[in-house]
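The values are calculated or read from the model by the stated rules, or taken from the named source; none is laboratory data. Nothing here was measured: the structure is a model prediction, and the numbers come from that model. Every residue, glycine as well, gets a Cβ built from its backbone with ideal geometry; the counts of neighbours run over all protein chains shown.
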Amino acid sequence: MYAFDYTRPASLAEAIEAMRGDEAKALAGGQTLIPTLKQRLASPATLVDLTGITEIRGICLKDGAVSVGAGTRHAEVAASADVRRLIPALSHLAGHIGDPQVRNRGTLGGSLANNDPSACYPAAVLGLGATVHTSAGRAIAADDYFQGMFTTALDEGELITSVDFPVPEKAAYMKFVQPASRFALTGVFVAKFAGGVRVAVTGASEGGVFRWAEAEAALGRSFAVGALDGVEASPDGMIGDLHGTPEYRAHLVGVMTRRAVEAAA
């Protein structure tokens with residue numbers, strides 16, 4: 001690693017002030033940042049450790065939604081009685097991220113700020129139409145938050161403080177796991193609301209998480225696996241690597257969507 005300064009603020013206000021420094025980088029669970037530092041792919045002047053800020057941790061109910069603090073760890077989301085009762089698909093997703101070590105260190109905010117194209121949480125946020133709240137007082141709709149691979153609507157030094165997840169009528173998340181990393185080779189989050197259906201896909205596209213409009217339209221007419229007959233994802237823009245071709249990932253999008261609908265229904 002390169003040499004850097006380290007600070008562990010005790011409040012969100014202190015963290016915001018620390019992030020104003022030149023080349024400051026926020027440290028949440030560290031599941032992505034620490035390996036990046038070890039490989040010398042990043043060299044921040046200051047690490048701002050957010051783990052001491054209790055005000056951005058925890059789960060509560062707010063205006064009919066499940067509000068999860070950005071510092072809440074995956075294992076805490078998976079174990080939450082409120083999440084299990086109201087959005088069991090979110091609990092299932094969190095409980096199958098990585099391995100126990102990752103789930104007990106990684107955080108919701110860290111995952112969303114990094115926006116890895118194969119991460120699970122972006123599919124839940126986009127699939128549920130969640131709202132991302134930030135240290136700048138902004139409330140960013142999921143459709144506006146994700147802006148491409150490793151790219152989000154966050155400004156320099158802006159931190160995620162919480163995420164509000166609307167409660168769906170039905171929802172499910174299914175992923176085809178890349179065995180070595182436990183990331184989603186392709187994952188699909190399907191959510192049915194009174195006003196329509198949202199289908200969010202992660203792990204498949206070069207542009208990161210995206211909504212599959214054709215599947216949403218078909219499922220909006222009939223929320224059943226049969227409604228997807230003849231609906232196929234295009235391989236254009238899909239990731240092609242040693243794990244699979246764009247055509248293979250496009251096929252997985254259809255398979256995982258059908259499995260998610262079957263599980264939800």
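When you look at Ala224, is it closer than 20 Å to Phe146 by Cβ, in contact (Cβ under 8 Å) with a residue 24 or more places away in the chain and either surrounded by 14 or more Cβ atoms within 10 Å (Cβ to Cβ) or not assigned by TED's automatic domain parsing to the domain that holds Ser91 (or both), yes or no? When the stated conditions are applied, Ala224 does not pass them.
Filtering the stretch 173-207 to residues that are of a type in the set (A, V, I, L, M, F, W, C), out of contact with any helix residue (DSSP H, G or I) (no Cβ under 8 Å at 6 or more places or on another chain) and either at pLDDT below 95 or closer than 17 Å to Asp99 by Cβ (or both) leaves Val177, Ala180, Phe183. Taking each residue of the stretch 168-191 that is at positive phi and looking for partners that are modelled with pLDDT of 95 or more and buried (at least 20 other Cβ atoms within 10 Å of the Cβ) with beta-carbon atoms closer than 8 Å, six or more apart or interchain, yields Arg182/Ile97. Can you find a residue that is more than 21 Å from Thr151 (Cβ to Cβ), in contact with a Pro (Cβ under 8 Å, 6 or more places away or on another chain) and buried (at least 16 other Cβ atoms within 10 Å of the Cβ) anywhere in the stretch 235-248? Yes, the stretch 235-248 contains at least one residue that is more than 21 Å from Thr151 (Cβ to Cβ), in contact with a Pro (Cβ under 8 Å, 6 or more places away or on another chain) and buried (at least 16 other Cβ atoms within 10 Å of the Cβ). Do we have Ala70 as over 16 Å from Arg105 (Cβ atoms) and either among the small types (Gly, Ala, Ser) or outside the structural domain of His133 (by TED's automatic domain parsing) (or both) here? Here the answer is no, as Ala70 does not meet what is asked. Each residue in the stretch 124-166 was checked for being assigned to a loop (DSSP other than H, G, I, E, B), under 22 Å from Thr202 (Cα atoms) and not aliphatic (A, V, I, L, M), and 5 pass. With respect to (1) in contact with a helix residue (DSSP H, G or I) (Cβ under 8 Å, 6 or more places away or on another chain); (2) outside any loop (DSSP other than H, G, I, E, B), the lone exception for Tyr248 is condition (1). For the stretch 249-265, filtered to residues that are surrounded by fewer than 19 Cβ atoms within 10 Å (Cβ to Cβ) and out of contact with any Asp or Glu (no Cβ under 7 Å at 6 or more places or on another chain), the residue that is modelled with the lowest pLDDT is Ala265.
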